[in-house]
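Reading through the C-alpha cells given below for one structure.
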Ligand SMILES: [Zn+2]
C-alpha cells in the first residue's frame, strides 16, 4: 500500500472525507451533514473532526490533502466563500487544513475537481477537451482543454451555472438574471414548481434538459470541445428524458462543423466522483500541474 491523498468534499448538504491512492481508488469514506445555518467556527469544527477520523485510518501514509469546495473562491482556493454555505465568507480553508494535517494542501472548486475525476477514472478518460458539470442543488462546471484543467485568473474558470440561457429569466443568486443555475438547478425547479425535483413533471424535465443543452452548446462551440459529462442528483435523477432533451438542444444550437459532433454523457463515477476529484486536486497540486490520466 502506497502513499495516500486525504480527500475532502465540502458541500452545502453534506461534508465527506476519504483516502485516494495514486490510481484513483477511494477508501475509508466518512460523511457528516453540513450543520444548517452554522457559523464559521462550527463549520470548521465539523470539518476538523471528519478529517481526524479519516486520517486515523491512513496509518501515517497521507502525503497530501486535496479539497473540493463550492465556489466562488479566491487565490486559487486560499479562501472560500461557497454560495450555499453562508457561514463561510473568505474563509481560509487551505491554511486551516494544512495546519491540521501537516501535509501540502490544495483546495479547488468542487466541479473542477469532478472534471479531473471524470478524466482520471470516469466517463472522460482518453478525452483531452471536455466539460464536466453538476446539475444538483446548484449548477457548476469544470473544463479540461488540451489536456489541462482550466483555472482562470482566480481559480473560477468553468462556472457554467452562470451562463445566461434565458435573457429575461429569473433573478440569480449571483446578481444576474436568467443564468442556467437560476433556471435549471434543483433550487430553481423547487421555487418555480413548488415541488422537489424528484416529483417534476415531464415538461419540467424536458425544459431542464433543453436549458442544459443550450449552455453546453455555447461552451462547446467557444472552446472546441469533444464531450460534456453531466453529473448531479437532478440530471441523473431525471435520467434518459433529460439527456435526450439536452442532446436535441445541443445538436440544434451547436451547428458549426467542429461542434456538431459534441457528445453529452452521464457522469461515470456516481457517488464516488466528488472524493475521487478531491483526491485528484491533491495529487495534481503536488505534481505541480498534473491534470489526471495515467
Ligand atoms: Zn448567476
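The values are calculated or read from the model by the stated rules, or taken from the named source; none is laboratory data. Computed from a predicted model, the values in this text were never measured in an experiment. Reconstructed Cβ throughout: ideal geometry from the backbone, glycine too, with neighbour counts over all protein chains shown.
Here are some notes:
- Of the residues making up the stretch 228-245, those that are touching a strand residue (DSSP E or B) at 6+ places or on another chain (Cβ under 7 Å) and part of a loop (DSSP other than H, G, I, E, B) number 1.
- The number of residues in the stretch 158-168 being surrounded by fewer than 19 Cβ atoms within 10 Å (Cβ to Cβ) and either modelled with pLDDT under 95 or more than 18 Å from residue 137 (Cα to Cα) (or both) comes to 3.
- Identification of strands (runs of 3 or more DSSP E) wholly contained in the stretch 85-175 with 2 or more residues that are over 25 Å from residue 25 (Cβ atoms) and within 16 Å of the ligand (Cβ to nearest atom) yields 139-145.
- Residue in the stretch 252-263 that is in contact with a strand residue (DSSP E or B) (Cβ under 6 Å, 6 or more places away or on another chain) and over 27 Å from residue 172 (Cα atoms) present: yes
- Condition met for residue 217 (modelled with pLDDT of 95 or more and either in contact with a strand residue (DSSP E or B) (Cβ under 7 Å, 6 or more places away or on another chain) or not in a helix (DSSP H, G or I) (or both)): no
- Boolean, residue 249 is at pLDDT 95 or above, within 16 Å of the ligand (Cβ to nearest atom) and either surrounded by 15 or more Cβ atoms within 10 Å (Cβ to Cβ) or assigned to a helix (DSSP H, G or I) (or both): no
- Restricting attention to the stretch 176-210, the residues that are under 21 Å from residue 228 (Cβ atoms), within 10 Å of the ligand (Cβ to nearest atom) and not in a loop (DSSP other than H, G, I, E, B) add up to 5.
- Breaking point among (1) within 15 Å of the ligand (Cβ to nearest atom); (2) closer than 19 Å to residue 143 by Cα; (3) surrounded by fewer than 22 Cβ atoms within 10 Å (Cβ to Cβ), for residue 221: (1)
- Here is the figure for the stretch 20-39: residues that are outside any loop (DSSP other than H, G, I, E, B) and touching a residue at least 60 places away in the same chain (Cβ under 8 Å) total 3.
- The residues on offer are 122, 147, and the sole one that is within 19 Å of residue 268 (Cα to Cα), surrounded by 24 or more Cβ atoms within 10 Å (Cβ to Cβ) and more than 13 Å from the chain's Cα centre (by Cα) is 122.
- Residue among 57, 74, 42 that alone is touching a residue at least 12 places away in the same chain (Cβ under 8 Å), surrounded by fewer than 18 Cβ atoms within 10 Å (Cβ to Cβ) and under 28 Å from residue 157 (Cα atoms): 74
- Answer residue from the stretch 8-19, given it is touching a residue at least 60 places away in the same chain (Cβ under 8 Å) and under 11 Å from residue 50 (Cβ atoms) and is surrounded by the fewest Cβ atoms within 10 Å (Cβ to Cβ) among those: 16
- Checking 97, 93 one by one, the residue that is under 18 Å from residue 13 (Cβ atoms) and surrounded by 21 or more Cβ atoms within 10 Å (Cβ to Cβ) is 93 and no other.
- Restricting attention to the stretch 220-262, the residues being more than 21 Å from residue 128 (Cβ to Cβ) and touching a residue at least 60 places away in the same chain (Cβ under 8 Å) number 4.
- Filter pass, residue 275 being under 30 Å from residue 76 (Cβ atoms), buried (at least 24 other Cβ atoms within 10 Å of the Cβ) and within 16 Å of the ligand (Cβ to nearest atom): no
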